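All remarks here apply to the structure that follows.
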Amino acid sequence: MTSPADASSDRQSHSASNFRDVRDELEALTTEAFRPELARIDQLPTLEIAKIMNGEDATVPTAVAAQLPRIAAAIDAIADRMARGGRLVYAGAGTAGRLGILDASECPPTFNTDPSEVVGLIAGGPSATVNSIEGAEDSKELAAEDLAALGVTADDTVVGVSASGRTPYAIGAVEHARALGALTIGLSCNAHSALAAAAEHGIEVVVGPELLTGSTRLKAGTAQKLVLNMLSTITMIRLGKTYGNLMVDVRASNDKLRARSRRIVALATGAPDDQIEAALSAADGETKNAILVLLADVDASTAARLLTEANGHLRAALQAALAID
């Protein structure tokens, strides 16, 4: 019969072995590498540290550029799913999860999307956005539960985000989503990552070792933010949420955005202020509709119908209106 002391010893031995395994995994990752040349960085003048850090950050866009073909392929696939009514779901832990939530939360005011269309999931739930819930990232099952609560289908896209590319929560999200037939993307900052291997589209932005050993909120976090910017923004461009480089689907929910919507209409049409105000009033404040009213010289109801028939693409609706004339 095993004594309590023996059982405790066994648990400690197993725990120590497990920690050694994880430590060995981390030591093999580029993002976790130690840089001996920075071992005395704490003794440098503040300006010198800032210069070093700025130089490190300047290398990130080059690392992203190396992945542009993979990023573009992923975007085209996302846009295809979203055009069918699918959603874009980000899933990550810690910094990666917070970046996904940030990107998702900015889509409604920028592109007038419903909050359910682009969603950010973080291991440990919403409270983890401000309080670290460290153990949550170790659970693939938790990721599956979170996706099940969303009712993920084959029309959706799930993007697992993890600097290391080994985070169980992100990998579990991708594996669960892929089993459901959803489009899957794995975004990491290490080559040959388990996350990229689990996903249909693997994007590995290798930014190299961090200024502070293992602090992946730095270069890795910046790289992930740049890629997430591309995934959401270019997808929205493909879905007709812009007209040229104008945010014609902007949701005018405050004074700044209402002023911006008027400026957008002015830039798109060149119309004087009184005509802009009249068009926006007739179109119930919808920027895209007001532009079509002015450029195609149609009434607001016709503009709304043309946009519906064009699946919200202003340029296509405008072409249809001009063809009618």
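Provide a single number: the residues in segment 247-304 that are on the phi > 0 side of the Ramachandran plot and in contact (Cβ under 8 Å) with a residue 60 or more places away in the chain.
The total comes to 0.
Leu307: open to solvent by less than 20 Å² (accessible area, probe 1.4 Å) and out of contact with any strand residue (DSSP E or B) (no Cβ under 8 Å at 6 or more places or on another chain), yes or no?
Here the answer is yes, as Leu307 does meet what is asked.
Just the residues that are over 18 Å from Phe111 (Cβ atoms), part of a loop (DSSP other than H, G, I, E, B) and open to solvent by less than 60 Å² (accessible area, probe 1.4 Å), please, taken from segment 238-274.
Within segment 238-274, just Ala271 meets the criteria.
Every residue in segment 98-124 that is open to solvent by less than 20 Å² (accessible area, probe 1.4 Å) and of a type in the set (Gly, Ala, Ser), please.
Passing the criteria: Gly100, Ala104, Ala123.
Of all residues in segment 124-162, how many are small (Gly, Ala, Ser) and closer than 27 Å to Thr235 by Cα?
Of the residues in segment 124-162, 9 are small (Gly, Ala, Ser) and closer than 27 Å to Thr235 by Cα.
In segment 96-105, is there at least one residue being modelled with pLDDT of 95 or more, β-branched (Val, Ile, Thr), out of contact with any Pro (no Cβ under 9 Å at 6 or more places or on another chain) and at negative phi?
no
Among the listed residues Glu277, Glu210, which satisfies the condition of being open to solvent by 70 Å² or more (accessible area, probe 1.4 Å) and either outside any loop (DSSP other than H, G, I, E, B) or within 30 Å of Ala39 (Cβ to Cβ) (or both)?
The conditions single out Glu277.
Might you let me know whether segment 191-204 holds any residue that is assigned to a helix (DSSP H, G or I) and out of contact with any helix residue (DSSP H, G or I) (no Cβ under 8 Å at 6 or more places or on another chain)?
Within segment 191-204, one or more residues are assigned to a helix (DSSP H, G or I) and out of contact with any helix residue (DSSP H, G or I) (no Cβ under 8 Å at 6 or more places or on another chain).
Output the number of the condition that Thr31 fails; it satisfies all remaining conditions of (1) part of a helix (DSSP H, G or I); (2) open to solvent by 70 Å² or more (accessible area, probe 1.4 Å); (3) at pLDDT below 95.
So Thr31 meets the others, but not (2).
Surrounded by fewer than 19 Cβ atoms within 10 Å (Cβ to Cβ) and of a type in the set (A, V, I, L, M) - does that describe any residue in segment 284-294?
no
The values are calculated or read from the model by the stated rules, or taken from the named source; none is laboratory data. These numbers come from a predicted model, not from an experiment. Using ideal geometry, Cβ is built from the backbone for each residue, glycine included, and neighbour counts are taken over all protein chains shown. These accessible areas exclude ligands, DNA and RNA; they are computed on the full protein's heavy atoms, side chains included. Shrake-Rupley method; radii C 1.70, N 1.55, O 1.52, S 1.80 Å.
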